[in-house]
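The values are calculated or read from the model by the stated rules, or taken from the named source; none is laboratory data. Because the structure is a prediction, the values reported are computed rather than measured. For neighbour counting, all protein chains shown are included, and Cβ atoms are generated from backbone atoms with ideal geometry for every residue, glycine included. Heads up: the accessible areas ignore ligands, DNA and RNA and are worked out on the full protein's heavy atoms, side chains in. Shrake-Rupley method; radii C 1.70, N 1.55, O 1.52, S 1.80 Å.
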Amino acid sequence: MPQRLISQLHPARLASYAEHGPPAVTTAGSVAALYVWHVALCSAWYETLAYTEALLRNVVDAQLRRWNVCQEAGEDWLSHPAPPLAGLVRRASGQCTSRAQQAALRRPPTHPRHAAPVSLDDKVSQLELGSISALFRLVPPSDRKLKSTGHTGRENLWCHALAKGFPSLDEHLLASWNGWFPAPLPAEVQGGYAIGHAVERLRRLRNRISHHEPILGVNHRERLKDVSMLARCIDLGVAHDLRNLDRVRRTLALRPR
């Protein structure tokens, strides 16, 4: 074990490993072993989340392009979004556009798209998981009678656009999916809340990993179920491939005892 490397870390950074480890995790060697395993687990999760985020980004983009065109606002749903999308992507639009412009300026003269204008594809490539999560409502309205359609803007966006990107989501899949919002909800919006909560849980996990925070207390089995369910809602074949690529399960089995 790289005990010399681990010994350079502040005791406060290592305290949680002793707290979450088995009783045997008391010596410097056992703490180092758990720390190294944890880094491997984060790496495995980062791969799975990278596939999941790319998959969700593609689904959301495809559906919102079609929906925005149907609203006669054009294909660019980030720069020219129709209501109610306009209020939901205002911040994301600015961030994605700025990052895409910066990326374009960094292209060397040998790049095939050197000096090319920023496209919608460029902006979508900068779309973060947090921006995708923001498209879904997590808490239902307290009084639907105040809504002209009976639904909120995000709920309407789910019903008329985003739901089409998750064609395999039905009541049977919902019934087997623990963790989605349990309050009474109209049947047509239940899937949107299930997807939204799953994306938000994975966003929080991804943020902990990105900030190098411990994920020892995470319910990894449930988060893997979120990944699996999201993929199954999109396509069963995709879910199968994603499971085959996943290293999280194998890494969990190697946790120091």
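In the range 167-180, which residue that is surrounded by fewer than 16 Cβ atoms within 10 Å (Cβ to Cβ) and more than 18 Å from the chain's Cα centre (by Cα) is nearest to Arg90 (Cα to Cα)? Here the answer is Pro167.
State yes or no: is Thr97 at negative phi, polar (S, T, N, Q) and touching a Lys or Arg at 6+ places or on another chain (Cβ under 7 Å)?
On the way: at negative phi: yes; polar (S, T, N, Q): yes; touching a Lys or Arg at 6+ places or on another chain (Cβ under 7 Å): yes.
Yes, satisfied.
No other residue among Lys145, Lys164 is open to solvent by 30 Å² or more (accessible area, probe 1.4 Å) and either over 27 Å from Leu236 (Cβ atoms) or part of a loop (DSSP other than H, G, I, E, B) (or both) apart from Lys145.
Candidates are the residues of the range 134-164 that are of a type in the set (A, V, I, L, M) and at pLDDT below 95; the one that is nearest to Trp67 (Cα to Cα) is Leu138. The set of residues in the range 148-161 being without any contact (Cβ under 8 Å) to a residue 60 or more places away in the chain, in a helix (DSSP H, G or I) and either acidic (Asp, Glu) or surrounded by 18 or more Cβ atoms within 10 Å (Cβ to Cβ) (or both) consists of Glu155, Trp158. Only a single item in (1) surrounded by fewer than 16 Cβ atoms within 10 Å (Cβ to Cβ); (2) among the polar types (S, T, N, Q); (3) under 13 Å from the mean Cα position of the chain (by Cα) is not met by Asn219, and it is number (3). What pairs can you find where one residue is in the range 204-223 and touching a residue at least 60 places away in the same chain (Cβ under 8 Å) and of a type outside the set (Lys, Arg), the other is open to solvent by less than 50 Å² (accessible area, probe 1.4 Å) and part of a loop (DSSP other than H, G, I, E, B), and their Cβ atoms are less than 9 Å apart, with a gap of 6+ or different chains? Final answer for the pair search is Leu205/Ile215; Leu205/Val218; Ile209/Ile215; Leu216/Gly21.
Is there a residue in the range 168-191 that is modelled with pLDDT of 95 or more and touching a helix residue (DSSP H, G or I) at 6+ places or on another chain (Cβ under 7 Å)? No, there is no match, as no residue in the range 168-191 is modelled with pLDDT of 95 or more and touching a helix residue (DSSP H, G or I) at 6+ places or on another chain (Cβ under 7 Å).
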